[in-house]
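Here is the structure we will look at, set down as structure tokens.
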């Protein structure tokens, strides 16, 4: 279907030139930045919740207290990660 649209387009030669230029781009990849800024904090948050839940399940009997403590600990871990990431990026 896309090829049919391209053949009827008046600017198909411009598209080919744009894609050729994009393919030859020397700009650095943003994949590592996306992983460090978005994916890793999310994974770290989930991992922190699971680990904190396992560690605090015996120590805190109340569900509400345990849930609040687990959530606060996971948020603290992610904030610590973001601070370390910011300091590391500032030095590099």
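Just so you know, all these numbers are worked out from the coordinates, no wet-lab data involved. Since the structure is predicted, the reported quantities are computational estimates derived from the model, not experimental observations. With ideal geometry, Cβ positions are generated from the backbone for all residues, glycine too; neighbour counts draw on all protein chains shown.
Need the C-alpha centroid separation for segment 26-57 versus segment 58-82, integer Å.
Their Cα centres are 16 Å away from one another.
For a quick check: sort 65, 32, 26 by the number of other beta carbons within 10 angstrom, fewest at the front.
Placing the least packed residue first, the sequence is 26, 32, 65.
What do you get for Rg/Rh over the chain if you use C-alpha atoms and the Kirkwood form of Rh?
1.35
Among 22, 55, which comes first, second and so on when ranked by fewest other beta-carbon atoms within 10 Å?
The fewest-first ordering by Cβ neighbours comes to 22, 55.
Where does helix 63-91 land angle-wise versus the long Cα axis of the chain, in degrees 0 to 90, nearest 10?
The two axes meet at around 50 degrees.
Enter the angle in degrees (range 0 to 90, nearest 10) between the Cα long axis of helix 12-23 and the first principal axis of the Cα atoms of the chain, meaning the one along which they spread out most.
Tilt of helix 12-23: around 50 degrees.
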